[in-house]
Every structure is written in structure tokens, then in C-alpha cells.
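S.K.: Before I ask anything, let me first share the structure, which is written out below as C-alpha cells.
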Amino acid sequence: MTLPRRATAPEHATFFFDFGDPYAFLAARRVPRLLESRGMTLSLAPVDGGRLGAREGSGAQGLTAGVRGYVLDDVARIATRLGLPFRPPATFPFDAVRLLGLCLFVRERSGQEAMAAVADALWHEIWELGSDPADDETLLRAAGDVAIPEATLRAALGDAGLDERVARETARARKRGVAAVPAVALESRLLSGFEAVASLDPDLARAAGLVAEAPRDAGGAGGTPPRDDMPDWTFTG
């Protein structure tokens, strides 16, 4: 008797991110959808990038004025090449713990899909509209379509337990070997930092100058070579 062959389960991927990292914004707008288009199941993991890696606490808050300007100019250049809107908030760097904690609160109350919707709205508010990440109204707008009463969301935003949620999620990520954001954990490998994650998306990698451009014409006109001067801005070492 011939038994039916067991179907192979789809590969699972986890996308780790911090709203305070503009390179994570670029990755968040490209990589999760790309992974799902390849038939993978996807989970999102909000983590505090400043608590990852060997130099804990060396996140975006420690950037000098010159580096902050370079980062925003570089992300704007990449976003333009990808056709992504990019309007950073007036306050950068900023502490994103409350944004991350809100996502985790929504996941506990309503599940992963609801959290994904809120995360998507927060990326839009903070990095595409330039909304104030410290304003409760920004966070409440992002969570507006989730079936959680506004009074409950306001109470959660004032709860000191949000930081504890983020700390636990970040500690779990560190145990898995995540050293920087953005990061993607696949069943077969872990990619930490923007350059590693961008390698999953050829268009993103080319826009960031991490790989050479394709020739522009049949005559073999060269494209843009990789940028040797561009560091891996993961903010966490």
C-alpha cells in the first residue's frame, strides 16, 4: 500500500526590530513581506536594540550629532531609491520602549496579527509621517483599528510593566543569539544587523550600496560599486 507523503511544513522566520532604528524601518518595509511571499510563516519580535550585543546600552541614544546626520541622510537616500516615503521625527534618536511595549501588550491581548497591524501603523506614523514617538496620541492612532478599548490602551501606556515586557522579549532574543537590529531568525540561520538582513532582498541590498548595480545597458556600462565607507549602522555594535 502506498501511503500519502506528509506535506512539508513551511519554514518559519522571526523578524526582530526596534522602532528607534531607521535602518530597521527600511528592513521592516521590505523583508517581512518578502519572506511571506516565499511561503514562510512569520513572527514579529519587538526588542530594545540598545540592550542587545556585547556593548549593552550603546544604542541610538549614544549617537553623536555628526553620526545622526549621516544616518538620516543615508536612510533617506536608500528610501528614495526604493520609492519609500521617509520623513523622520523631529526627535532622533528617541527611546522606543513604550512603542515596543505597546506592540507586546497588543500581542498579549489580541494576538500576533493584531500586533503586526499596530507595528505597521507605527512605522508609518514615526518614519513616514514624522509623528512624535513620545506623544500618546501617536501611539493611540496606530492602535486605532485594534479591538481594544482606548481607555485600556491609555492605561497600558502609563503602566511601568511595558518596560518589563520589552526587557523579557529582548532577553529571549539575546539567548537566541540576536546581537543587533534589524535581525531575522530562520530555521537554518540567524542574520543580525542591517547589512545581513538586507542581503535577503536584492533590491534593498543594491539600494543600500551593498552589492554592485546591474549593468545599465548592453554596452556594459558599470553600475555603482559597493560602498566600502559605509559602516553597519546597527547602533548596538
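S.K.: Provide the FRET efficiency to the nearest 0.05 for the THR41-ASP120 pair, computing r from the beta carbons and using R0 = 22 Å.
M.R.: For THR41 and ASP120, the calculated efficiency is 0.80.
S.K.: Just add up the charged neighbours of ARG107: K/R +1, D/E -1, any other residue whose Cβ is under 14 Å from the Cβ of ARG107.
M.R.: Around ARG107, the charge tally is 0.
S.K.: Would you be so kind as to identify which of LEU190, LEU162, VAL67 lies farthest towards the positive end of the dipole of the range 12-207, taking Lys and Arg as +1 and Asp and Glu as -1 on Cβ and the Cα centre as origin?
M.R.: Farthest towards the positive end: LEU190.
S.K.: Local charge sum around ALA45 (other residues, Cβ-Cβ under 14 Å, Lys/Arg +1, Asp/Glu -1)?
M.R.: Summing Lys and Arg as +1 and Asp and Glu as -1 gives +3.
Every number in this text was worked out from the coordinates using simple rules, so none of it is lab data. All values reported here derive from a predicted model rather than from experimental measurement. With ideal geometry, Cβ positions are generated from the backbone for all residues, glycine too; neighbour counts draw on all protein chains shown.
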